[in-house]
Amino acid sequence: MAFRCVVVTPEMQVLDAEAKQAIVPAHDGLIGFLPGRAPILLKLGTGVLTIDGADGKKQTFAISGGVAQMKDDVLTIATTQATAQ
């Protein structure tokens, strides 16, 4: 089972992929996302976004600020900066 993960910055869409798990740096600590999670909207902090893809590949991004929303098995991350690591 997987969910869709979309990462966007003001300049471009950085990622649109199926994920098994995502760990997001919220403003007050890390929060994990799995398929079927209840809807949530949260303020992002600065840190490392980790995404375990449905294909088994792990991707990490340095992000800085923004918001994340999980709704209907779609995690949307709108951030000011997302740099692949």
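Bear in mind that the values in this text are calculations on the coordinates, not laboratory data. Only a predicted model underlies this, so the values are computations on that prediction, with no experimental measurement involved. For neighbour counting, all protein chains shown are included, and Cβ atoms are generated from backbone atoms with ideal geometry for every residue, glycine included.
Give me the number: length gained by fully extending Q81 to Q13, i.e. 0.36 nm times residue separation minus the C-alpha to C-alpha distance, one decimal in nm. Let's see the in-between values first.
Numbers: separation 68, 0.36 × 68 = 24.48 nm, distance 1.09 nm.
Result: 23.4 nm gained on full extension.
³J(HN,Hα) across segment 21-32 via Karplus (A = 6.51, B = -1.76, C = 1.60, θ = phi - 60°), whole Hz, x for Gly/Pro?
7, 9, 10, 10, x, 6, 5, 10, x, 7, 9, x
Using only Cα atoms, figure out Rg for the chain and give it as a multiple of 2.2 N^0.38 Å.
That ratio works out to 0.95.
Amide H to amide H, which residues 5 or more places from Q21 or on other chains are under 5 Å from it, using H placed in the peptide plane?
Those qualifying (amide H under 5 Å, at least 5 residues apart or on another chain) are D52.
What's the magnitude of the charge dipole for the chain around its Cα centre, counting Lys and Arg as +1 and Asp and Glu as -1 at the beta-carbon? Answer in Debye, nearest 20. Please report the intermediate quantities before stating the final value.
Values: 7 positive and 8 negative charges, 27 e Å.
For the chain, the charge dipole is close to 140 debye.
What ³J(HN,Hα) values, in whole Hz, does the Karplus curve 6.51 cos²θ - 1.76 cosθ + 1.60 give for segment 65-72 when θ = phi - 60°, with x put for Gly and Pro?
x, x, 9, 10, 9, 10, 8, 6
Using modelled amide H (1.01 Å from N, peptide plane; none on Pro or chain starts), what sits under 5 Å from the amide H of Q81, excluding residues fewer than 5 places away?
Amide H to amide H, under 5 Å and 5 or more residues apart or across chains, Q81 pairs with S64.
Would you kindly derive the ³J(HN,Hα) couplings of segment 11-18 from the backbone phi angles with the Karplus curve 6.51 cos²θ - 1.76 cosθ + 1.60 (θ = phi - 60°), listing them in order in whole Hz, with x for Gly and Pro?
8, 6, 8, 8, 8, 8, 8, 7
Once amide H atoms are built 1.01 Å from N in the peptide plane, which residues 5 or more positions from T46, or in another chain, come under 5 Å H to H?
Close amide H contacts, sequence-distant or interchain: G65.
Between L42 and R4, take the C-beta separation as r, use R0 = 25 Å, and let me know the FRET efficiency to the nearest 0.05.
Numbers: r = 18 Å, r/R0 = 0.70.
Efficiency for this residue pair is about 0.90.
Restricting to lysine pairs 8 or more places apart or on different chains, what number in the chain have Cα atoms under 16 Å apart? Please list the in-between numbers first.
Working: K20/K57; K20/K58; K20/K71; K43/K71.
Close lysine pairs found across the chain: 4.
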